[in-house]
Amino acid sequence: MKAAVLREVNKPLSIENISHGKPGPREVLVRTVAAGVCHSDLHFQNGAYPYPLPAVLGHESAGVVEAVGADVRYVKKGDHVITCLSAFCGHCEQCLTGHLSLCQEPELQRDATQEPRLGNKAAPIAQFLNLSSFAEYMLVHEHTIAKIRPDMPLDRAALIGCGVTTGVGAVIHTAKVEPGATVAVIGCGGVGLSAINGAAIAGASRIIAVDMVPAKLDLARKFGATDTVNAKDVDAIEAVREMTSGGVHYSFEAIGLKKTAEQAFKMLRRGGTATVIGMIPVGTMVELHGPEFLQERRMQGSNMGSNRFRVDMPRFVEFYLQGRLHLDDLISRRIKLEDVNDGLNALYTGEVARSVIMFE
Ligand SMILES: NC(=O)c1ccc[n+]([C@@H]2O[C@H](COP(=O)([O-])OP(=O)(O)OC[C@H]3O[C@@H](n4cnc5c(N)ncnc54)[C@H](O)[C@@H]3O)[C@@H](O)[C@H]2O)c1
Ligand SMILES: [Zn+2]
Ligand SMILES: [Zn+2]
């Protein structure tokens, strides 16, 4: 099959013909229909987050079940699915206390004694975050897929695989924004726009979008932003504090920078909560002014929107079909697998919401 392989950090992905294994017990072979290019792929491509190489990147996808291995009862050939990197075992402490997205059980991958899912024993290719979506097929554990209704368009479904689940989930699951609360979202990419959309669904009274690209701020209004701040022109902290008479109840950082994570904390009102969604590079420290904790301000992280994706994703599909999740506007362009490097490079300028790779 054709796949985009990262062989060396900071080098373009190469389009190669590689092999994949047959589905073993509890494994599913999915034919990839669409895969979004998320900023997290870029963090691994440019080495901000180290990963074993070579690897096939990609983790935001939807497709059709091609074959199932022994003991798979959840799906059958022909079912439409969205993938999620949050593979859950179902029996560890995190899973049993309802924190499925924090499960770290190694049993969801193949071990070193088995044939790898990608490549072969002599020349293995690492599977990226349980998925490796930049490939015509994905051989995955059955606990990385959510079954969806067949009338949901799969290009838009793919976005639910990461960006939407992460952004909406950060608002409704991690921060639990309540109706009437004020919200600021810093960074209006695929994740930030989804957080804005999530805040609108949650009933936030004011949703302030912060970005440096004017077109992104215009787009943010379509997703539910009531106010916008261009951080290139004004001090984002001052602007948000002024608009909300002292700061927001909830802020979300959806970029992955020290500076904007600190801004998220500083734009809170007393008792407010900042949620960092962005992947801040390994080794980077975030600094907060200690006395501000006396104001009961909170700073927390969010991993994949604290999801329970098999429950969440079909609900998000319904939201889209009802017109409440604006997935059509999230797709800036549809590209081919061969153009994956353009899709990654476009993330440096902030001009696109999402590039989506369409497979034939
Ligand atoms: N926590 C998780 O589970 C999780 C999941 C998915 C993605 N992420 C991370 O979320 C972040 C956002 O992902 P994305 O795909 O939406 O990225 P993106 O590149 O599409 O969007 C980033 C946006 O931030 C804007 N921006 C950049 N610098 C800015 C600044 N200083 N001030 C204001 N705006 C600025 C850009 O113009 C762009 O619109 C990334 O770090 C990604 O790795 C985290
Ligand atoms: Zn992602
Ligand atoms: Zn578990």
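With respect to THR97, determine if the residue is surrounded by fewer than 22 Cβ atoms within 10 Å (Cβ to Cβ), on the phi < 0 side of the Ramachandran plot, more than 16 Å from ligand 1 (Cβ to nearest atom) and at pLDDT 95 or above.
Values: surrounded by fewer than 22 Cβ atoms within 10 Å (Cβ to Cβ): yes; on the phi < 0 side of the Ramachandran plot: yes; more than 16 Å from ligand 1 (Cβ to nearest atom): yes; at pLDDT 95 or above: yes.
For THR97, the condition - surrounded by fewer than 22 Cβ atoms within 10 Å (Cβ to Cβ), on the phi < 0 side of the Ramachandran plot, more than 16 Å from ligand 1 (Cβ to nearest atom) and at pLDDT 95 or above - is met.
Condition check ((1) within 16 Å of ligand 2 (Cβ to nearest atom); (2) in the same structural domain as ILE331 (by TED's automatic domain parsing); (3) at pLDDT 95 or above; (4) hydroxyl-bearing (Ser, Thr, Tyr)) across all residues:
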| residue | (1), (2), (3), (4) |
| --- | --- |
| SER19 | no, yes, yes, yes |
| CYS38 | yes, yes, yes, no |
| SER61 | yes, yes, yes, yes |
| ASP71 | no, yes, yes, no |
| SER101 | yes, yes, yes, yes |
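So if I check each of ALA195, ALA199, which one is surrounded by 22 or more Cβ atoms within 10 Å (Cβ to Cβ), under 17 Å from GLY163 (Cα atoms) and within 16 Å of ligand 2 (Cβ to nearest atom)?
Numbers: ALA199 fails: within 16 Å of ligand 2 (Cβ to nearest atom).
The unique qualifying residue is ALA195.
Provide a single number: the residues in region 329-339 that are over 17 Å from the mean Cα position of the chain (by Cα) and not in a loop (DSSP other than H, G, I, E, B).
So in region 329-339, the residues over 17 Å from the mean Cα position of the chain (by Cα) come out as 333-339.
Narrowing further to those that are not in a loop (DSSP other than H, G, I, E, B): 333-335, 337-339.
Result for region 329-339: 6.
Given the condition closer than 24 Å to VAL317 by Cα, without any contact (Cβ under 8 Å) to a residue 40 or more places away in the chain and either more than 16 Å from ligand 1 (Cβ to nearest atom) or assigned to a loop (DSSP other than H, G, I, E, B) (or both), answer yes or no: does some residue in region 66-74 qualify?
yes
Look through LEU118, LEU96, LEU100 and report the one residue that is aliphatic (A, V, I, L, M), over 25 Å from ARG156 (Cβ atoms) and near ligand 3 (Cβ under 9 Å from one of its atoms). Give the steps one after another, and end with the answer.
Values: LEU118 fails: near ligand 3 (Cβ under 9 Å from one of its atoms); LEU100 fails: over 25 Å from ARG156 (Cβ atoms).
So the residue among LEU118, LEU96, LEU100 that is aliphatic (A, V, I, L, M), over 25 Å from ARG156 (Cβ atoms) and near ligand 3 (Cβ under 9 Å from one of its atoms) is LEU96.
What number of residues within region 178-202 satisfy the criterion of being out of contact with any Asp or Glu (no Cβ under 9 Å at 6 or more places or on another chain) and either part of a loop (DSSP other than H, G, I, E, B) or outside the structural domain of PHE265 (by TED's automatic domain parsing) (or both)?
4
Which residue pairs have Cβ atoms under 7 Å apart, sit 6 or more places apart or on different chains, and have a first residue in region 152-181 that is on the phi > 0 side of the Ramachandran plot and a second that is in a loop (DSSP other than H, G, I, E, B)?
GLY180/GLY203; GLY180/SER205
The values are calculated or read from the model by the stated rules, or taken from the named source; none is laboratory data. What you see is a predicted model, and the numbers here were worked out from it, not measured in a lab. Don't worry about glycine lacking a Cβ; one is built from the backbone with ideal geometry, like all the others, and counts go over all protein chains shown.
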